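All remarks here apply to the structure that follows.
Read the figures in this text as sums done on the coordinates, not as results from a lab. What you are looking at is a predicted structure, and each value in this text was computed from that prediction instead of being measured. Glycine gets a Cβ as well: all are built from the backbone with ideal geometry, and neighbour counts include every protein chain shown.
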Amino acid sequence: MTDAHRSALRHWLSDVRESRDHPHDEGVDPCGVRWQRHAEGVLELTPATASRSAEGAENDAAAQPGYRYDAILSCGIHGDETAPIEIVDGILRDIADGRLTLRERVLVVLGNPDAVRAGKRYLEYDLNRLFQGAHAKRAESPAVQRARELEVIVAQFFAGVDGVRRTRRHVDMHTAIRASLFQRFAVVPGTPQHSPSDDWFDALGAADIEATMRTEQPSVTFSYFTCARFGAQSCTLELGKVAPFGENRLENFSGIDAALRRWLSGGEFEARDDGKSPQPQRFRVAAEIVRRTDAFVLDVPADTPNFTPYPAGTVLARDGENTYTVSHPEERIVFPNPNVANGLRAGVMVVPE
Ligand SMILES: [Zn+2]
């Protein structure tokens, strides 16, 4: 990260300690990008030039810059999920160096700097279980404060700068704890009011996301919050498996990296250089397996990969008198984890859309 010192954007990651002391700096980079740091690890970038598609569309374009999106790009919500941090850091450095021309207004979020520095998923509590107001139900702690702070900053960011309502999009990048039959997949939240469009699934496919998992279950994740509260096109991306900094095989994520760069520089996720339009395998959540009592047993091995399929009739979990039996012709399990507290989700079952 030695070349990160060429720009004020270095504050985003490499100088997070310094940014804690000066959380509200702002300035303009030599490339013309205006940056504002709203909190440690949270940078708002405003482009020097508007996106191509909107140029000339308004004769008062100077007053209404032609960004198409209010974009949020987040990573490091879990501190040990380093590949997305490296991807975002690379994008930021290329913007700062003028190798990538920013044409969208974007909020870049390093979710949990304390956990990133510690190399841990989280410190006292999982940040990605504290959104959509869930922080208010827990005792005060640094994670609770951070969730509250991020919710406020996101609300201010989506409120916009000039009264123009733009498409809101939030890409929250993670890496999975376990192996997966699909190396890159997306959890796509929706609500009855804000159902994700087919375009959004096409866009994710163009970013080499192999599978999508649509869910309308109310949730306390960052991406559910931005979808449910602000109607954003949101997703939680799971990109490969957790690895330390420097040990990630970033070539496995070149599809999402390229798509993010195309989009933020005024193009489309879908406009791949090779002209291809790969489609993700689309799933929807059919059921959740919830641990109710101490008698709960999940009948899958601890290292079961995400999306492992089971045929109808398979008994996957027992909890005293109750059982979970596969009822669709085939269901796949995602995020299996029997070691959750009673009342929490021990696995998600998905079926094809
Ligand atoms: Zn994560």
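Just add up the charged neighbours of residue 241: K/R +1, D/E -1, any other residue whose Cβ is under 12 Å from the Cβ of residue 241.
-2
Rounded to the nearest Å, what's the spacing between the alpha carbon centres of segment 262-328 and segment 122-148? Just the number, please.
Going from one Cα centre to the other spans 25 Å.
Using r as the Cβ-Cβ distance of residue 271 and residue 181, and R0 as 35 Å, what FRET efficiency do you calculate, to the nearest 0.05?
0.80
Over segment 216-276, what is the relative contact order in whole percent, taking alpha-carbon pairs under 8 Å and six or more residues apart?
Computed value for segment 216-276: 15 percent relative contact order.
Taking amide H atoms as placed 1.01 Å from N in the peptide plane, list the residues 5 or more away in sequence, or in a different chain, whose amide H sits under 5 Å from that of residue 317.
Counting only residues 5 or more places away or on other chains, the set is 299, 324.
Residue 152 to residue 295: FRET efficiency via 1/(1 + (r/R0)^6), r the Cβ-Cβ distance, R0 45 Å, to the nearest 0.05?
Given R0 = 45 Å and the Cβ-Cβ separation, E is 0.60.
Can you list residues whose amide H is under 5 Å from residue 344's amide H, if they're 5+ apart or on another chain and H is modeled 1.01 Å from N?
Amide H neighbours of residue 344, under 5 Å, 5+ apart: 291.
Given H placed 1.01 Å from N in the peptide plane, which residues other than close sequence neighbours of residue 212 have an amide H under 5 Å from its amide H?
186, 281, 282, 283
Counting pairwise Cα distances across the chain, what percent come out greater than 28 angstrom?
43
Averaging sequence separations of C-alpha pairs under 8 Å and six or more residues apart, then dividing by the length of the chain, give the relative contact order as a whole percent.
It rounds to 15 percent for the chain.
Hey, what do the phi angles of segment 103-108 turn into as Karplus ³J(HN,Hα) couplings, whole Hz, using 6.51/-1.76/1.60 and θ = phi - 60°, x for Gly and Pro?
Using θ = phi - 60°, the values come out as 10, 10, 7, 9, 9, 9 Hz.
May I ask you to list the trypsin sites (Lys or Arg not before Pro) in segment 99-164 that are in a DSSP loop and have at most 14 other Cβ atoms within 10 Å of their Cβ?
99, 120, 138
Could the peptides 261-272, 86-97 be put in order, highest first, of the mean number of other beta-carbon atoms found within 10 Å of their residues?
Sorting 261-272, 86-97 by mean packing, highest first, produces 86-97, 261-272.
Can you give the calculated 222 nm mean residue ellipticity of the chain, where each DSSP H run of n ≥ 4 adds -39,500 (n - 2.57) and the sum is split over every residue, rounded to the nearest 500 deg cm²/dmol?
Value at 222 nm, helices only, nearest 500: -6000 deg cm²/dmol.
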